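Here's the structure we're looking at; comments come further down.
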Amino acid sequence: MLALTSIWTTILLAAAVALGPLATDMYLPALPSMGASLSAGTGEVQLTLSIYMAGLALAQLVCGPLADRFGRKPIMIGGFVLFAIASVGCALATNVETLILCRFLQALGGSAGPVLGRAAIRDIYTPREAARIMAILASIMALAPAVAPGIGGLLLTGFGWEAIFLLLGAYALVMAVVVAFGIPEPMAPANRQSLRPGRLWKNYRAIAVDRSFLGYTLTNALVFSGLFAFLSGSSFVLIDFLGVRAEYFGFYFASMVAGYIGGNLTAVRLGRHLLPDQILHRGLGICVLGGSTMAALALGEVFYVSAVMVPQALFMVGVGMVLPQTMAGALANFPTMAGSASALFGSVQMTLAALVGMAVGHLHTGSSLVMAVVIAACAIAALVTYHTLVQRYPAPGFEPEVAVQN
């Protein structure tokens with residue numbers, strides 16, 4: 001077993017959490033082909049993406065309390081096994097309804113990775129340290145969406161879209177073994193919580209009414225929804241509208257991921273000199289700039305791949321700076337029930353993202369306009385939420401006076 005504070009533990013946690021982006025990004029190039037194969041429309045195919053996010057939102061509310069009671073490892077292992085079984089179901093689906101059902105089951109198992117990865121970091125580190133570690137974790141984890149669409153495109157052209165889900169299932173089984181034998185249980189026995197309904201309700205209520213938690217969570221969810229708007233619409237915009245070949249989709253997608261990694265690394269570097277709040281504010285400004293630029297180009301009917309991908313890469317620099325700070329800030333008040341806090345955080349994030357994704361699919365007109373306007377609107381709403389909640393109710397350990405004392 002590795003030491004909890006080892007960089008290898010962080011890398012393995014990142015690999016476990018990466019199952020989430022792999023499950024959404026790897027099959028993006030296949031969405032148009034899946035629609036044709038299953039005789040499904042754009043909205044129905046995009047629903048397989050939104051239903052996954054909705055399943056994550058629901059499952060995390062159960063996964064978090066179970067992990068607070070029994071520990072992080074057993075719940076994570078069980079989730080990966082369920083994900084693997086559901087992935088086989090996706091590969092065998094012969095109609096879009098079956099695929100949607102299996103994607104929902106995938107989400108029930110896949111929820112264990114993100115919610116318990118965040119909780120484990122909070123178990124191991126203080127809030128300010130957690131912000132830095134989550135930025136490092138996010139940088140490592142970003143390798144998944146960097147390579148996933150490219151791998152998906154190659155599998156699509158070589159073996160068909162079903163092979164994508166078989167590979168996802170195999171990855172989940174490998175991660176179950178890795179977590180079982182490579183990572184120690186990060187949760188202290190003294191922090192185990194009861195599963196009595198009254199206790200669960202009390203815990204969730206205490207978390208939900210915490211204004212600091214609400215501020216960081218909503219800011220995160222809005223920025224993440226802007227990212228999900230791109231995930232939901234990008235394959236149809238780039239492949240169907242702008243003529244990008246499916247096997248090359250991953251290369252264009254990689255420019256977005258490069259922006260995200262750049263934002264993560266910037267956050268790590270700035271974290272040595274600036275407060276998390278200062279990093280967060282700068283990141284939100286970059287998100288607004290990137291989203292607004294894409295929307296302005298679309299409104300001006302400038303329809304080129306570069307008019308989508310360059311502003312999106314800039315938007316992702318901001319996302320890479322914002323997400324680690326908001327994750328750490330949201331969990332800062334709840335060291336003894338980090339699993340439940342992480343679950344509620346993730347549930348809000350995924351619910352809003354699923355709604356935004358469905359809106360992009362429903363309103364899609366064939367061009368990049370709807371996607372671009374939604375991304376810009378999410379970024380602006382996140383900045384407004386930051387000013388109205390986060391600045392007024394900062395997380396403990398994130399305040400300027402604490403930084404001065406340290």
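What to note about this one:
- Residue check: Val174 meets all listed conditions (1) closer than 30 Å to Pro276 by Cα; (2) free of Cβ contacts under 8 Å to residues at least 40 places away in the same chain; (3) aliphatic (A, V, I, L, M) but one, namely (1).
- Taking segment 237-246 as the range and being surrounded by fewer than 22 Cβ atoms within 10 Å (Cβ to Cβ) and either under 17 Å from Leu47 (Cα atoms) or of a type in the set (Lys, Arg) (or both) as the test, only Arg245 passes.
- When Ala138, Ala176, Ala131, Ala142 are screened for being at pLDDT 75 or above and of a type in the set (Gly, Ala, Ser), only Ala176 passes.
- Which numbered condition Ala330 misses (of (1) under 23 Å from Thr24 (Cα atoms); (2) touching a Phe, Trp or Tyr at 6+ places or on another chain (Cβ under 8 Å)): (1)
- When segment 226-261 is limited to residues that are in contact (Cβ under 8 Å) with a residue 60 or more places away in the chain and not in a helix (DSSP H, G or I), the one that is farthest from Pro149 (Cα to Cα) turns out to be Leu242.
- Ile100 aliphatic (A, V, I, L, M) and in contact with a Lys or Arg (Cβ under 6 Å, 6 or more places away or on another chain): no
- Considering residues of segment 362-403 that are closer than 21 Å to Thr326 by Cα and more than 25 Å from the chain's Cα centre (by Cα) only, the residue modelled with the highest pLDDT: Arg392
- Pairs where the first residue, in segment 39-50, is within 16 Å of Leu28 (Cβ to Cβ) and the second is at pLDDT 80 or above and of a type in the set (Gly, Ala, Ser), C-beta under 6 Å, 6+ apart: Val45/Gly35; Gln46/Ser232; Leu49/Ser232; Leu49/Gly357; Ser50/Ala354; Ser50/Gly357
- Taken over segment 193-236, the criterion of being hydrophobic (A, V, I, L, M, F, W, C), crowded, with 20+ Cβ neighbours inside 10 Å and modelled with pLDDT of 90 or more is satisfied by Ile207, Phe213, Leu218, Ala221, Leu222, Val223, Phe224, Leu227, Ala229, Phe230.
- Residues that are in contact (Cβ under 8 Å) with a residue 60 or more places away in the chain and touching a Gly at 6+ places or on another chain (Cβ under 6 Å), drawn from segment 262-279: Asn264
- When we screen Arg211, Arg205 for residues that are charged (D, E, K, R), in contact with a Leu (Cβ under 7 Å, 6 or more places away or on another chain) and closer than 30 Å to Thr388 by Cα, the only hit is Arg211.
- Test: residue in segment 83-95 that is touching a residue at least 60 places away in the same chain (Cβ under 8 Å), touching a helix residue (DSSP H, G or I) at 6+ places or on another chain (Cβ under 6 Å), of a type in the set (Val, Ile, Thr) and assigned to a helix (DSSP H, G or I): yes
- Restricting Ala188, Ala170, Ala148, Ala144 to those that are within 23 Å of the chain's Cα centre (by Cα) and surrounded by fewer than 20 Cβ atoms within 10 Å (Cβ to Cβ) reduces the list to Ala170.
- Taking every residue in segment 280-309 that is on the phi > 0 side of the Ramachandran plot and pairing it with any residue that is not acidic (Asp, Glu) and not in a helix (DSSP H, G or I), at least 6 positions away or on another chain, the pairs with Cβ-Cβ distances below 9 Å are Glu301/Ser367.
- Among the residues here, Met337 qualifies as more than 22 Å from Pro21 (Cα to Cα), crowded, with 23+ Cβ neighbours inside 10 Å, at pLDDT below 95 and not basic (Lys, Arg).
- Residues in segment 340-353 that are over 22 Å from Arg69 (Cα atoms) and crowded, with 24+ Cβ neighbours inside 10 Å: Gln349, Met350, Ala353.
- The residues of segment 69-127 that are out of contact with any Pro (no Cβ under 6 Å at 6 or more places or on another chain), among the charged types (D, E, K, R) and surrounded by fewer than 24 Cβ atoms within 10 Å (Cβ to Cβ), listed by number, are Arg69, Lys73, Glu97.
- Residue in segment 340-351 that is farther than 17 Å from Leu218 by Cβ, part of a helix (DSSP H, G or I) and out of contact with any His (no Cβ under 6 Å at 6 or more places or on another chain) present: yes
- Among all positions in segment 20-33, there is no residue which is surrounded by fewer than 24 Cβ atoms within 10 Å (Cβ to Cβ) and not in a helix (DSSP H, G or I).
The values are calculated or read from the model by the stated rules, or taken from the named source; none is laboratory data. Not measured: the values here are computed from a predicted model. Positions of Cβ are generated from backbone atoms using ideal geometry, with glycine treated the same way; all protein chains shown enter the neighbour counts.
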